[in-house]
Amino acid sequence: MSKKTIYIIIAVVIVILLYVWGGYNGLVTTNLAADTQWSQVETQYQRRFDLIPNLVESVKGVMKQEQAIFTALADARTKYSGSTSADAKAQAAGQVETALGRLLAVVENYPTLKSSENVQTLMSQLEGTENRISVERKRFNETVMAYNLKVKTFPSSLLAKTFGFADRALFDAVSGSEVAPKVSL
């Protein structure tokens, strides 16, 4: 073999190694970005879960007949706390949203509660939190989409398969969440 052939082979090997190195690091980076973004979603969920007991306590005295809503909220929060995967946490968070929607609809129908400054402040904070959750979920889905594109498109899909990177699930709304909660008093 001539020196020229050896240099060409070495150059090709270096190019391949640089591609593998860069591609692997790109997959790791986008995967970690998705994990980080999910943490942001969870941070907002935690804010919501911290506000809910305060709202419930502010409303409980007037709304003894709405005990089913309080029980549903408590059960959903417990389920979320016990969840270990992002999918299970997202499903439990959806149950919290359903129960919280029912609670907020009830509060709107009680003039005494609606005029309470404490309840109004808590509801305002919850509305802000819901907006933050929506934004963070959107960012999570965008980050996961970027990662999934790397995992599924050629040539990075070859690296993804080689190193065990799998596509990730996007955040989906809980089925039935498109229906507004019905409250009968």
Qualifying residue in the range 48-64 (condition: under 16 Å from residue 140 (Cβ atoms) and modelled with pLDDT of 80 or more): yes
Enumerated helices (runs of 4 or more DSSP H) restricted to the range 83-185, each holding at least 1 residues that are at pLDDT 70 or above: 86-109, 117-152, 156-163
Selection within the range 1-57 - within 30 Å of residue 167 (Cβ to Cβ) and among the small types (Gly, Ala, Ser): 22, 23, 26, 33, 34, 39
Long-range neighbours under 8 Å by Cβ, at least six apart or interchain, first residue more than 13 Å from residue 76 (Cα to Cα) and of a type in the set (A, V, I, L, M) within the range 33-53, second modelled with pLDDT of 85 or more and not in a helix (DSSP H, G or I): 34/168
Selection status of residue 32, modelled with pLDDT under 90, within 24 Å of residue 136 (Cα to Cα), surrounded by fewer than 19 Cβ atoms within 10 Å (Cβ to Cβ) and out of contact with any Cys (no Cβ under 9 Å at 6 or more places or on another chain): no
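The values are calculated or read from the model by the stated rules, or taken from the named source; none is laboratory data. All values reported here derive from a predicted model rather than from experimental measurement. Cβ atoms come from the backbone with ideal geometry, glycine included; neighbour counts cover every protein chain shown.
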